Structures are given as structure tokens and as C-alpha cells.
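Here the structure is laid out as C-alpha cells; the discussion comes afterwards.
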Amino acid sequence: MNKMKIYIILLLFFLLTFPANAFIKIQGQDFVDENGNKVFFKGIGLGGWLMPEGYMLHIPGFGSPTSIREMITKLIGEENTNEFYSIYEENYVNEVDIQKIAELGFNSVRLPFNHRLLSPEGQPSVILESGFQVIDTFIEWCKKYNLYVILDMHAAPGGQNDGNISDSDGVLARLWTEKKNQDHTVVIWKKIAERYADEPIIVGYDLINEPVLPSGYTNLDLKNLYKRITEEIRKVDTNHIIFIEGNTYATNFNSLAPPWDDNMSYSFHKYWNTTDKASIQNYLSLRQQTDVPLWMGESGENSNPWFHAAINTLEDNNIGWCWWTHKKIQTTTSPYSANITDGYQHVLDYWNGNRSKPSVEFAKNALFEMAENLALDSCRYLPDVVAAIFSDDFDRNPIPYKELKVPGIIACVDYDIGNVNIAYSDKEYQKTHWDRDEPWNNGWQYRNDGVDIEVSNDNEGSPYSVGWTETGEWLSYTVNVAYTGIYDINFRVAVNSDNAKLQLLLDNDQLTPVLDLPNSGGWYNWQTYGFKDAQLQAGVHKLTFKITSEGFNINQMEFVLVKADPSALDGPVFPGQFQLGQNFPNPFNGTTKIPFKLEGNSAANISIYDISGRLVKKLRKTTVPGIYDSVEWDGTDMRDIKIGSGVYLYRLSGDKYETVKKMILLQ
């Protein structure tokens, strides 16, 4: 075979395997792939990774990336700071994060970067290969998991606004006041385009994040810079889409039409406003006027109901979206949350002026631990946030947040996942005004719904409590009742009113009457209030907790089986003699109850054995003949010493009967 034939075969193979038009393009008001099929973006941003923001890290004053680094350097020195950022960036986003983002249902990722990653401030002739290698690796991860990429210059030279989010000096947006910064921006974007011109996994370039022009400058100045950048990009890259954000944090597109490029899209951001069509009408009009696609490039930092409603409005109007952001420290608004460690809290307290300066060694260990804690497997997953973004059932049917079993303890914050008035009712559940304080979760803990959740500070109850209760609000729980029978219900409450009342419904029928809660004298003076003789049927039920009169906090409800009917007992039945039921809970930690029924005048003799047959404990209880009763075991031996985890046997025995069951202890 001659060289020409080999060349032709290789060329044909290349063309068939990698279509020349494999890039996402615009076609009228849609984004389309190489085959002309519509592509609809459902994306998430990677804020906090290459562009740390103070609020994400709970830094006082919501510091900029540069000021945060300076604070850390003053505390632990330059060498330790470099090592900290290496650990921080490695754990904040790595391949497993990208894999999980794809598994959750997102199909695209917006990568915010600081221009300093690719070129130092004030040094346009210096291009940092190390920064490009970070992006190269990220792109390879996205290719592996089929995620489209939008590159976003989140901090331009000099700062595109005067805020910390653009890494400005906090005084002036010097991108606009100093031409050298505009020149530097153009240089960086051309270098990006040169490097990635032939990379089809990249959808396009988001040129400047959330510009805010200073007084004396207009959208014409913004347009002129955009056009300069576009012209330089097109000298080396005609493949990628140019995304244009409006002035005033990507909301004002005056004078930015008509489009100056045939592969261009307008990108707006949506925060703290209403979720109806009217809230995006200006952008829809822009699309109609220009006949190019819209992309909602950033939104979030609101409640789950707001998330769901906003996304529905965007999708109903053919607007792809990108949520903000996939991970933060101690958050309720992202899919993943990293905990604040005690050591890092100590550092934060120092920065806030509430604690003495820690030693270099202490601060280093605390900051390194914080960085390690950013690894995905150390973060808490927030299923309610993801359901609000993706679940079709979110505003139709509640789904369990956790598996809740009765008998047992139900933490009040583990109500079902679903929209307001579907899984719960709360009077304040979203923020719709950027200039008004509208907290949807006054405690800012655990979940992102309208339910107000805070740390309970109750050593005897659940760690989180529902507070700021208002008359008429309610919470819904899917519960699995193991045994039909009579239960006592213990509520763990702190009452600061003489008129506080609650009620429980089961499948919308009354389970308890309206209960008057005694005043405990404070919002954190916890007490247990009990209700007796509630009748429950075995099976899966909807339990509804109603606040019939406000004035209390509540953290848990405990359901204690007092008497079970025969459906609770699945062991051998000998009429006229006895029945033995399965212990509950099982497996257990702490205490468990063993249900039984005896006939005739005798005592219940129950013996506990380990798996080798060694006697561990004897339990005895005199009971009324023919009544279903139970005996409790606390996991101790004959000397009242706690024993180890494992499988144990329990035997009910008498003069003429004996039966054995097994249970699992988890200490």
C-alpha cells in the first residue's frame, strides 16, 4: 500500500471519527450539536475552587481571593500557605467531583477562574503554563464523563466590578478605568482560544463575569471591550460560542444588541427576584429581537422552592441554566457541604476578633484539616437541593428524606422532601427581593426549605430543632409502623408561650387531639411532653405534625410501643400458651424491647445468650394474662456491664413452652 493510500485512509478515519463540525453552535434561538440536534444545558458552576470567595469559606468580611490568601499567609507563612492551597485545590474539585456531577444529572459545568491563574496581575507578557495544566486536567475529566464545559473569567485584570467576587481592590473596578487591564484581558482570552480552539467539549467562552461599570462609563464601553476580545479570539478560534453578560451583574443588556458575531449568546444571571415569566421578560425580548439563544449562566443562593420554580420557568421558555455552586463549607444551598471543623472555627473566631491569635502550628493544622475536609467523601450530601433541581415529583408527591420507623425516634427535621405545601407548610420560604432581608430558613441549618432549622443545643434530644414556629405551619413524614398497637408519644419541646399547641395526624385523620404544651420558660429550656394511648396500624403512613398555635421549638418525637396486638408477633403461636415477637428496634444501639404474650398466671422468663450459647442476661417480668406486653434490655450482662456488638439470641421459656429468636446489637 503506497503512502498516498495510507494518508487517504487515515484522513477518512479521522473525519468519520471526529466530525469537523463536532462543536456546539447556535442555530436561531437554540444551541445545536454537530448533527443539528438541540442541546439544552443543565449545568452547575464550580465556584470556590479556582476562585475562592469569602462567603463560601465563612471568612469575615467576605474576603476576595487575594485578601484571603494574604490573611492565611500572615497566619502561617508563605511556604505553608502554598502547601495549603495545593491541598485545598486538590480536594475542592477532583475527578470524583466531576463524576458525581454527571451522575446527579447535570450535563455541563461552568468553570470560574481568576485571571491570575493564567497570567499574573499587571504582567500580560507572562503566561502561566501551570494554570493551563489545571484546566487541561479538568477538561479531560469532563470529557471522560461527557460534561460540556464553559470557561468563565470570573476575575478580570483590575476587577470588572469593585467587589470581592471580582478580586478587585475593593475601591474601584479598574478593568474599566485603566486601559492596560483591558489589554491584559484581551491577551489572556486569545491565549485561551489558541490553546483550546480544537477542543469540542468546550461549548464556549464566558468573557467577563458580572461586570459593573463605574460612574461615567456605559454599556458602550462594555460592548467595545467585548468586541475587542471577540475579534482576537476569532483570529485563532472560530469554533466556540462567545457568551456575553450584561452590565450590573449580568442583568442590563442595553446597547449590547445587535450581535457582532455569528456564534454568540447572551448570558444573564438570576438572583433574589420572582420566579415568574415576567421576571425574565426583558431577556426574552432581547432573544426575540436578536434571534440568538439565551443562557442563564448563574443562579442559586435561595430556597428549594425558589430553585424549582425558577428552573421550571427557564425550561418552559427554552432557556438552559447553570446553578451556583456544587460545594461550599457549611451550606444548605449546594448539593454538597463540608463541615466547619473545631480548629477552623478557632481560626475564624480569631479573624472575627473573638479569640486570641492561634499558634502557627495550630493554625496550619486547622487550615490543612479544613482543606482535607473539602474532599467529596468527607462532605454531607443534600438530597433536598438536588431534588428541587431535578425531581419531577418535587411539587407533586413528597418522598422520604430518610427511612423513619415506628416504634423509634423521629427527628423533626427529617420531614419528607417536596415543595412548600407538598411536604411542609411555612409562611416564609423564599427570597424574592435583592434589597430586602428575607431569610427562608432563619436557622440556616441542615436543609434548604422554608422550614426554620437551627442547632438545638439539647443534650437529650436530636441535634437540630424546628423553630420560629407560626400558627398553621405543618410538616409531613413518611413513616413505617412496624407493629399495630398502642403507643406513647414523647415530644421534645422548648416552650416560650402560655398558648403553644400541636397536633398529630395520621393519613390526614386525627392521631392526637390538639395538645397544650406547658411553658418551659425559654426557647432552649428543653422538656419532654408525653401523650399516651395513641393507636397506630402497622404499615406505611403519612404522619403530619401541625403547629396549631405558635410559641415553641421542637426537635424530636419518640414513639414507644406500649401494647401490641397479634400482628406484632411473627413467632410460633400456641393458643392458650404464649407468643414471642421480634425485638424492636433491631438492629439496636442502647436499648431494645422484646414483645410477648402469656396465657395463665405466670411470669415471663426471657434469657439472652451470645452466639456461642453463653448466658448473658436473664430478664423477668410479671404480666397480666392474655395482654401483649414487652420487656426491655439495655445491652448489659449480669453485672450490668455493656457488652460488645454482635448477634444474640433471646429465649422465652416456661414449664411447658420455649421459643428462641435472634437480634443484633450495635454498640
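Below, the figures for the structure above:
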quantity: The stretch 89-102: number of residues that are surrounded by fewer than 21 Cβ atoms within 10 Å (Cβ to Cβ) and in contact with a helix residue (DSSP H, G or I) (Cβ under 6 Å, 6 or more places away or on another chain); calculated: 2
quantity: Close pairs (6 angstrom Cβ cut-off, 6 or more residues apart or separate chains): touching a residue at least 12 places away in the same chain (Cβ under 8 Å) in the stretch 141-155, acidic (Asp, Glu) and crowded, with 22+ Cβ neighbours inside 10 Å anywhere; calculated: ILE150/ASP206; ASP152/ASP206; ALA155/ASP167
quantity: Filter pass, TRP474 being among the hydrophobic types (A, V, I, L, M, F, W, C), buried (at least 17 other Cβ atoms within 10 Å of the Cβ), outside the structural domain of SER630 (by TED's automatic domain parsing) and farther than 21 Å from ILE409 by Cβ; calculated: no
quantity: All positions within the stretch 381-398 that are exposed (fewer than 14 other Cβ atoms within 10 Å of the Cβ) and in a helix (DSSP H, G or I); calculated: none
quantity: Enumeration of residues in the stretch 517-538 that are exposed (fewer than 15 other Cβ atoms within 10 Å of the Cβ), outside any loop (DSSP other than H, G, I, E, B) and of a type outside the set (Lys, Arg); calculated: THR528, GLY530, ASP533, GLN535
quantity: Search result, residues across the stretch 460-512 that are in a loop (DSSP other than H, G, I, E, B), among the small types (Gly, Ala, Ser) and touching a Leu at 6+ places or on another chain (Cβ under 6 Å); calculated: ALA500
quantity: Given (1) crowded, with 19+ Cβ neighbours inside 10 Å; (2) modelled with pLDDT under 95; (3) among the charged types (D, E, K, R), number of the condition LYS364 does not satisfy; calculated: (2)
quantity: Candidate set: the stretch 206-250, residues that are buried (at least 18 other Cβ atoms within 10 Å of the Cβ) and hydroxyl-bearing (Ser, Thr, Tyr); chosen: the one nearest to the chain's Cα centre (by Cα); calculated: TYR249
quantity: Filter pass, ASP488 being among the acidic types (Asp, Glu) and either in contact (Cβ under 8 Å) with a residue 12 or more places away in the chain or crowded, with 18+ Cβ neighbours inside 10 Å (or both); calculated: yes
quantity: Qualifying residue in the stretch 442-456 (condition: of a type in the set (Lys, Arg), part of a loop (DSSP other than H, G, I, E, B) and modelled with pLDDT under 95); calculated: no
quantity: Count - residues of the stretch 400-438 that are over 19 Å from the mean Cα position of the chain (by Cα) and hydroxyl-bearing (Ser, Thr, Tyr); calculated: 2
quantity: Selection within the stretch 105-140 - among the aliphatic types (A, V, I, L, M) and either touching a residue at least 24 places away in the same chain (Cβ under 8 Å) or part of a strand (DSSP E or B) (or both); calculated: VAL109, LEU111, LEU117, LEU118, ILE127, VAL134, ILE135, ILE139
quantity: All positions within the stretch 62-79 that are free of Cβ contacts under 8 Å to residues at least 40 places away in the same chain and in contact with a helix residue (DSSP H, G or I) (Cβ under 7 Å, 6 or more places away or on another chain); calculated: ILE68, ARG69, THR73
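This table checks each residue for (1) in contact (Cβ under 8 Å) with a residue 40 or more places away in the chain; (2) surrounded by fewer than 19 Cβ atoms within 10 Å (Cβ to Cβ); (3) closer than 14 Å to PHE40 by Cα.
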{"residue": "SER285", "(1), (2), (3)": "no, yes, no"}
{"residue": "PRO293", "(1), (2), (3)": "yes, no, yes"}
{"residue": "PRO305", "(1), (2), (3)": "yes, no, no"}
{"residue": "ASN318", "(1), (2), (3)": "yes, yes, yes"}
{"residue": "TRP321", "(1), (2), (3)": "yes, no, yes"}
{"residue": "TRP324", "(1), (2), (3)": "yes, no, no"}
{"residue": "TYR344", "(1), (2), (3)": "no, no, no"}
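The values are calculated or read from the model by the stated rules, or taken from the named source; none is laboratory data. Small disclaimer: the values here were computed from a predicted structure and weren't measured. Quick reminder, even Gly has a Cβ in these numbers, built from the backbone with ideal geometry, and neighbours come from all protein chains shown.
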